[in-house]
1. List the aspartates and glutamates whose Cα lies under 13 Å from the Cα of Lys146, skipping any in the same chain that are fewer than 8 positions away.
2. Of Thr37, Gln23, Pro127, which is farthest on the positive side of the dipole of the chain, counting Cα position, with +1 on Lys and Arg Cβ, -1 on Asp and Glu Cβ, and the Cα centre as origin?
3. Taking the alpha-carbon centroid of each part, what is the distance from segment 149-168 to segment 76-94 in angstrom?
4. Could you give the size of the charge dipole of the chain about its Cα centre, using +1 on the Cβ of each K and R and -1 on the Cβ of each D and E, expressed in debye and rounded to the nearest 20?
5. Would you list which lysines come within 27 Å of Lys66, measuring only between C-alpha atoms, while excluding same-chain residues fewer than 8 positions from it?
6. About its Cα centre, how strong a charge dipole does segment 37-95 have in debye, to the nearest 20, once Lys and Arg get +1 and Asp and Glu get -1 at the Cβ?
7. Which of the trypsin sites (Lys or Arg not before Pro) across segment 72-138 are loop residues per DSSP, with 10 or fewer other Cβ within 10 Å?
8. With n ≥ 4 as the cut-off for DSSP H runs, can you work out [θ] at 222 nm for the chain, using -39500 (n - 2.57) per run divided by the number of residues, rounded to the nearest 500?
Amino acid sequence: MPGQSTRPITDRVKEALFNILAQDVVDARVLDLFAGTGSVGIEALSRGAREVWFVDREWQAIQTIKANLRTTGLAESARVVRQDAFKLLRQVSGREAFDIVYVAPPQYQGLWAKALAALDEADVLAPGALVIAQIHPKEYAELPLKRLRLTDRRRYGSTELCFYRAAETQEGV
């Protein structure tokens with residue numbers, strides 16, 4: 001059990017997500033925030049991502065991610081970080097750039113909106129980066145973001161994926 005707050009993505013939603021991402025995942029640097037079991041990041045690695053950072057603050061989740069990476073043989077391209085997601089974003093701001101960020105925090109705590117705001121402010125997104133938030137449809141709200149723009153929303157039962165694209169450059173922001 002990865003932890004009390006882990007909300008695994010269903011196979012149906014994960015398949016839909018990677019059908020949407022298609023070739024964008026190939027050679028991408030991926031940040032899996034609130035990684036839980038690590039299934040999204042592991043799927044990204046299996047589809048050609050160059051590197052995935054798995055971030056979760058729960059010890060059980062980190063142990064599960066490490067075990068899943070060993071089982072799949074994909075640990076070499078992974079970095080597993082046990083830390084608060086917001087603290088990590090502040091620490092790596094200006095030093096790391098990710099092409100895809102997956103955000104799947106515990107539901108009904110407003111953490112997805114807080115994470116999007118933190119990503120919008122932090123300097124961790126490559127130009128044109130894609131940020132995907134996994135939420136319950138009832139959680140959705142428009143967010144006052146500067147660099148990130150909502151480009152799509154897809155609903156799969158009780159799961160909604162919200163796709164945000166980072167501005168290509170910092171100019172005019």
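Read-outs: derived from the displayed coordinates by stated rules, not from any lab. Bear in mind the structure is a predicted one, so any value in this text is a computation, not a measurement. Heads up, the Cβs are rebuilt from the backbone with ideal geometry, glycines too, and the neighbour counts pull from every protein chain shown.
1. List returned: Asp120, Glu121, Asp123, Glu168, Glu171.
2. Thr37
3. Going from one Cα centre to the other spans 23 Å.
4. On the way: 23 positive and 22 negative charges, 70 e Å.
Magnitude of the dipole: close to 340 debye.
5. Cross-link targets: Lys14, Lys87, Lys114.
6. Computed about the Cα centre, the dipole is about 200 debye.
7. Arg95
8. -9000 deg cm²/dmol
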